[in-house]
Amino acid sequence: MRAAWYRRTGPASEVLETGALPDDPGGPLKPGDVRVRVRTSGINPADVKRRAGWGGLSLEHDLIVPHADGAGIVEAVGADVPPSWLGKRVWMRNAQGGYGEAGRAYGTASEWISLPAAQVFELPEPLGFAEGACLGIPALTAFHAVFADGSVEDRTVLVTGAAGAVGHFAAQFARAGGARVIATVSSAEKAAHVRAVGVRDIVLRHDEDVAGRVMELTGGEGVDRVVEVDFGANLEQTRRIIRPHAVIAAYSSTAVPEPVLPYYDFAFRGATLRFIQGFLLTPDVVDAAQALISDMAANGALHVAIARRFPLERIAEAHEHVESGEAIGNVVLEI
């Protein structure tokens, strides 16, 4: 099978290879598994960090086929999997296992993959394979960040980095849940991208005082929830804009990985700090997220932004595009 892989961590152009691997690298199908003909492979920041060895991540397999997310068609099923799965269009999640651990050697950057059926979901008909490859980490992380602490109906939700893959989904889910959404973005182009999904209150973080503008937009009351793309970097503004009993749901803290917490700024408001890990979602959360995704897609209410599509052989260029931070939307490989 055609595939991409790396044998050591490092820069994309130096370590990523493409070529042929055995058609069934994982061996015969195990009970409960399905075999998927991969059509598209989604590339997330976690994938490029894993390949780069970010934060000391080690390579614990002789060879890694990268990427956690993808979409394709079920071609075979193992014991205990209903034959009705055969021929279904599906999207996949968590193909490599948890971030920060060895996980599986074989991700979605290949023509074929075998996975537990619990990690495979029917792709709603309005969505294509490229869109399906973007649902795993981004959409599920966004869902949990928005709804982990209950309904957002009539609440004010701040989504930082709302033009990013997770943030774009989070803004849509929060609006679907009845929330007023305020978004931060870094450019006018990204503001237009977020405005296209119905968000009207947008703050340009490089040009405006974010905390001051958020307080102005909320009449001095602040926000009920924050979906946070960079907890440590935004800590100073966050402590100034939260209402009593607010929830800060953070899914990354890349710029400041070891933030110093102003404890009483949060404690005096009875705030909840929730750390979101998209690889560690419970089955109930995944089921609820999958149901909302399917419903919104079927009703034409879900916009999956595709920034660039690359062929498998240009995987290094695709990784570099994700790392550049220039992508407005998701980056996918077409297998």
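Coordinate-derived values only; no laboratory data. Note that this is a predicted model, so its numbers are computed, not measured. Positions of Cβ are generated from backbone atoms using ideal geometry, with glycine treated the same way; all protein chains shown enter the neighbour counts.
For a quick check: with amide H placed at 1.01 Å from N, whose amide H comes under 5 Å from ALA307's, ignoring anything fewer than 5 positions away on the same chain?
Those lying under 5 Å, H to H, from ALA307 are ASN330, VAL331.
Would you please state which residues of segment 299-333 a label at HIS206 would reach in this model, taking the label point 7 Å out along Cα→Cβ and a backbone N cut-off of under 19 Å?
321-329
Write down the percent of antiparallel bridges among all DSSP beta bridges whose residues are both part of segment 3-123, to the nearest 5.
Approximately 95 percent, going by the DSSP bridge assignments.
Ranked highest first by average number of other Cβ atoms within 10 Å, how do 170-178, 11-19, 190-198, 228-236 line up?
170-178, 228-236, 190-198, 11-19
Under a cut-off of 25 Å between alpha-carbon atoms, report the lysines in cross-link reach of LYS30, not counting same-chain residues fewer than 8 places apart.
Within reach: LYS88.
When DSSP beta bridges are limited to those with both residues in the chain, what percentage is antiparallel, rounded to the nearest 5?
55
Candidates [x] 5, 23, 30, 26, 13, 2, 0; [y] 6, 26, 33, 23, 10, 2, 0; [z] 5, 23, 31, 23, 12, 5, 1; which is the computed P(r) over Cα pairs in 10 Å bins from 0, in percent?
[y]
Which number do you get for Rg(Cα) / (2.2 N^0.38 Å) in segment 189-335?
1.23
For a quick check: with amide H placed at 1.01 Å from N, whose amide H comes under 5 Å from ILE276's, ignoring anything fewer than 5 positions away on the same chain?
HN-HN under 5 Å from ILE276: ALA250, TYR251.
Starting from the Cα of ASP154, step 7 Å along the direction of its Cβ; do the same at HIS245; then give the gap between the two resulting points in nm.
About 1.2 nm, to one decimal.
Using just the helices of the chain, give the 222 nm mean residue ellipticity in deg cm²/dmol: DSSP H runs with n ≥ 4 each add -39,500 (n - 2.57), and the total is spread over all residues, rounded to 500.
Helices in the chain give a 222 nm mean residue ellipticity of -7500 deg cm²/dmol.
What do you get when you divide the Cα radius of gyration of segment 138-275 by 2.2 N^0.38 Å, with N the number of residues?
0.93
Run down the lysines and flag those whose C-alpha is under 24 Å from the C-alpha of LYS49, throwing out any fewer than 8 positions away in its chain.
Candidates past the 8-residue exclusion: LYS190.
What is the fewest-to-most order of LEU204, LEU158 by other Cβ atoms lying within 10 Å of their Cβ?
LEU204, LEU158
Once the Cβ-Cβ distance between ALA267 and GLU122 is put in as r, and R0 is 51 Å, what FRET efficiency do you end up with, to the nearest 0.05?
That pair, ALA267 with GLU122, gives E of 0.70.
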